[in-house]
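The values are calculated or read from the model by the stated rules, or taken from the named source; none is laboratory data. Please read these numbers as outputs of a predicted model, since none were measured by experiment. FYI the Cβ positions are ideal-geometry reconstructions off the backbone, even for glycines, and counts take in every protein chain you see. Accessible surface areas use protein heavy atoms only, side chains included; no ligands, DNA or RNA. Shrake-Rupley method; radii C 1.70, N 1.55, O 1.52, S 1.80 Å.
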Amino acid sequence: MRTDLFDFELPEANIALRPVSPRDTARMLVVTPGKPLAEAAVSELPQFLQPGDQLVVNDTKVIPAQLTGRRVGRETEPKIEATLIKRIDGSRWQALVKPAKKLAAGDAIRFGNEGRVCLLGNLDAQVEHKGENGEVTLSFSFHGPILDQAIADVGAPPLPPYIASRRTPDERDTADYQTMFAVSEGAVAAPTAGLHFTPALEAALRDRGIGLHRVTLHVGAGTFLPVKADDTSSHKMHAEWGTVSGETATALNDARAKGGRIVAVGTTSLRLLESAAVDDGTIQPFTGETAIFITPGYRFKAVDVLMTNFHLPRSTLFMLVSAFSGLETMQQAYAHAISTGYRFYSYGDACLLFRQPT
């Protein structure tokens, strides 16, 4: 499909730079194909679901993957910014760097900030390989848990560009950019629909007879990248690692057999569940990488309801929600959200989407 079908104008005033507090007081637009839009708050989520429905959240934890340093060992030492995107082994990471033109294979980078001590005061890495679009392989001077601690000492939360370009990340983001479910380290972007949850909301869901299950998908930096191709068929998704346990798969299949719906909290949970499902909708245990790219015309197998945030124009995520509830439905919903002041993107408001009939 043409990428421009998924374009829209978004005023800067609609971009959220901080989350609301408490988290579940965010607005929630309820979108049911063929029915009028409904206004609610995230705290009212239980009343839009039924006893026996099963929520699936992503328990990935964002690592401090944003590193700042300088190229060293040559006459000039330009500033280098790196975002870790995928662990290769105990000492090597794939990363996105800028300015990439300042680096070549074999260059050394020294990461570290004044006032924050990392072991000997710095974290050194060598550019082992340089690829396309600013992607490099970094080989660090530390290994394993020591490297993890070093990254934690000198790194910062990798806030999305649409936030980081408008304000400096700070200590508040360390907590704000993690969900209450975050336990499995490995993401470089938050599964943002989960940011709306609070212990009070979890208790209210449980009291209504709604189950809650955890899966893991380590969100990659590809979620920040716009679709530059003119046609969706030419866009290549970045692979992300995820896992659905046998216990979770069995619980979800049993609930669905009894009439319960599968409610994905976030596009990351949805993409993982759809990757784990077979054609008849049965969810299988899954461990591995997925690069599933969902656009209109996709036949959903596992997920019945989707809770998600409001996404970027021309993004793979807006394409996904358009596949789920219908392109025209989502265009109308987004136009309403923009005109009525909904807050967009990672720290913004939510929408609850019901799947269009097939």
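Values for this structure:
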{"read-out": "Within a Gaussian network of the chain (alpha carbon springs, distance under 10 Å), most fluctuating of Val56, Val227, Val303", "value": "Val227"}
{"read-out": "Most positive-pole-ward Cα, Gly106, Ala251, Leu17, against dipole of the chain from beta carbon charges", "value": "Gly106"}
{"read-out": "Mean separation of Cα contacts under 8 Å, 6 or more apart, over the residue count of the chain: relative contact order %", "value": "25 percent"}
{"read-out": "Contact order normalised by residue count of region 66-156, Cα under 8 Å, 6+ apart, percent", "value": "29 percent"}
{"read-out": "Carbon and sulfur %, accessible surface of the chain computed with the full protein complex present, 1.4 Å", "value": "50 percent"}
{"read-out": "Net charge of Cβ neighbours under 10 Å - reference Arg2; Lys, Arg +1; Asp, Glu -1", "value": "-4"}
{"read-out": "Assigned charges on the beta-carbon of Lys, Arg, Asp, Glu; region 20-118 dipole about Cα centre (debye)", "value": "640 debye"}
{"read-out": "Residue among Arg271, Arg167, Arg92 with the largest mean-square fluctuation in a Gaussian network model of the chain, springs linking Cα atoms under 10 Å", "value": "Arg167"}
{"read-out": "Of Ser339, Ser43, Ser91, the one that fluctuates the most in a GNM where the chain has Cα springs shorter than 10 Å", "value": "Ser339"}
{"read-out": "Ellipsoid equivalent to region 194-335 - semi-axes via the Cα gyration tensor, in Å", "value": "25, 18, 15"}
{"read-out": "Region 66-156, accessible area per residue, ligands and nucleic acids excluded (1.4 Å, Å²)", "value": "54 Å²"}
{"read-out": "Radius 15 Å from Cβ of His336, net charge of other residues (Lys, Arg +1; Asp, Glu -1)", "value": "-1"}
{"read-out": "Net charge of Cβ neighbours under 15 Å - reference Asp230; Lys, Arg +1; Asp, Glu -1", "value": "+1"}
{"read-out": "Cα gyration tensor, region 66-156 - rounded (a/c under 1.5), prolate or oblate", "value": "oblate"}
{"read-out": "Size of charge dipole - the chain - debye, nearest 20, with Cβ of Lys, Arg +1 and Asp, Glu -1, no other charges", "value": "260 debye"}
{"read-out": "Top positive-direction residue, dipole computed over the chain with Cβ charges, set Ala203, Ser184, Leu67", "value": "Leu67"}
{"read-out": "Within the chain, helix-based [θ] at 222 nm, where runs of 4 or more DSSP H residues each add -39,500 (n - 2.57), nearest 500", "value": "-6000 deg cm²/dmol"}
